[in-house]
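Worksheet for the structure shown next.
The values are calculated or read from the model by the stated rules, or taken from the named source; none is laboratory data. What you are looking at is a predicted structure, and each value in this text was computed from that prediction instead of being measured. Backbone-built Cβ (ideal geometry, glycine too); neighbour counts: all protein chains shown. Side chains included, ligands, DNA and RNA excluded: accessible areas come from the protein's heavy atoms. Shrake-Rupley method; radii C 1.70, N 1.55, O 1.52, S 1.80 Å.
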Amino acid sequence: MRRELSAACVRVGSVRRIHPYAEDDPDLAACYAYPPEGCLRVNMVASADGAAWLEGRSAGLSSPGDRRVFHVLRGLADVVLAGAATVRTEGYGPSKPREGWHALRAGRPHAPPIAVITRRLDLDLGGPLFTETEPYQRTIVITTRAAPRERREEAAKNAEVLVAGEDLVDLTVAVRLLRDRGLGRILCEGGPRLNAELAAAGLIDELALTVSPLLAGGDAARVLNGVASRTPLALAHVLEEDGVLFIRYVGEEAR
Ligand SMILES: NC(=O)c1ccc[n+]([C@@H]2O[C@H](COP(=O)([O-])OP(=O)(O)OC[C@H]3O[C@@H](n4cnc5c(N)ncnc54)[C@H](OP(=O)(O)O)[C@@H]3O)[C@@H](O)[C@H]2O)c1
């Protein structure tokens with residue numbers, strides 16, 4: 001993986017000329033280190049024309065480099081946040097400790113819990129995400145008072161169930177509840193509808209975006225889909241591997 005845009009880049013007029021300067025794998029953990037106060041980072045992969053899925057899932061857009069970044073980002077995070085549709089479609093299980101996480105997670109549990117945002121609780125409550133977690137990473141379900149009571153009770157047998165709103169989860173409250181638990185390094189893995197709501201609530205501090213060299217066409221959503229928002233971003237870095245770009249944007253306020 002090469003670092004394409006860095007302090008070594010030069011400005012030519014108003015255009016930045018990119019100078020590849022490192023052929024070695026950069027230290028991904030350093031490239032994506034969270035700020036000391038934590039933040040909410042969204043990690044997504046998209047095709048070059050912006051599709052967030054191929055045939056309904058993200059796997060067709062991914063690559064070896066994307067998977068390395070994906071796992072490093074999980075290793076850095078205190079908690080992984082996801083919308084229920086992503087959990088259902090992508091078949092989420094508990095995050096598994098990976099090689100190289102030991103140093104990243106010193107003083108923290110071996111792997112981050114998954115926190116699911118859901119109103120309906122239409123989740124496989126008998127599946128691995130609920131029954132195969134380690135005690136330190138019990139899945140967190142963030143739901144509403146309007147959610148079916150029996151589903152909430154069923155979920156509470158194996159997960160921590162948090163109520164953060166009446167009809168819909170108030171995402172500002174949800175994020176506060178996670179931070180109150182000491183989970184300040186939040187990694188949101190989508191999907192697009194949850195991302196759009198987070199952006200509209202002003203909650204996205206960073207975007208880690210993998211752009212795959214592929215045109216997808218079709219009617220797949222973009223990485224944010226739904227409610228409109230406007231979140232100015234500043235470029236922190238671009239890495240490249242086999243034509244795949246790994247872009248880290250930070251909110252302009254964080255510059
Ligand atoms: N390209 C990528 O990197 C990437 C990453 C992730 C996912 N994906 C793809 O994206 C698709 C899924 O994404 P999506 O945008 O359709 O859905 P999503 O954002 O993953 O999940 C939407 C669901 O989350 C729950 N939800 C969201 N906001 C809520 C709120 N404020 N209150 C209560 N519940 C709320 C609802 O769950 P309930 O229906 O349970 O109430 C809603 O149906 C899949 O095809 C997946 O493969 C791609």
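When R181, R176 are checked against the criterion of being touching a strand residue (DSSP E or B) at 6+ places or on another chain (Cβ under 9 Å) and either more than 16 Å from the ligand (Cβ to nearest atom) or open to solvent by 70 Å² or more (accessible area, probe 1.4 Å) (or both), R181 stands alone in meeting it.
Taken as a whole, the range 191-203 holds at least one residue that is within 16 Å of the ligand (Cβ to nearest atom), open to solvent by 30 Å² or more (accessible area, probe 1.4 Å) and of a type in the set (K, R). Here V169 meets the list (1) in contact (Cβ under 8 Å) with a residue 24 or more places away in the chain; (2) surrounded by fewer than 21 Cβ atoms within 10 Å (Cβ to Cβ); (3) of a type in the set (V, I, T) almost entirely, failing just condition (2).
Each row is one residue, and each column tells you yes or no for (1) more than 16 Å from the chain's Cα centre (by Cα); (2) within 23 Å of T172 (Cβ to Cβ).
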{"residue": "C39", "(1), (2)": "no, yes"}
{"residue": "S47", "(1), (2)": "yes, no"}
{"residue": "A59", "(1), (2)": "no, no"}
{"residue": "S62", "(1), (2)": "no, no"}
{"residue": "D66", "(1), (2)": "no, no"}
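The numbered conditions (1) out of contact with any Phe, Trp or Tyr (no Cβ under 8 Å at 6 or more places or on another chain); (2) touching a residue at least 12 places away in the same chain (Cβ under 8 Å) are all true for T139 except (1).
Of the residues that make up the range 94-104, is at least one closer than 19 Å to S58 by Cα and not hydrophobic (A, V, I, L, M, F, W, C)? Can you show your working first?
Let us first name the residues in the range 94-104 that are closer than 19 Å to S58 by Cα, namely 94-95.
Now narrow it down to the ones that are not hydrophobic (A, V, I, L, M, F, W, C): 94-95.
Yes.
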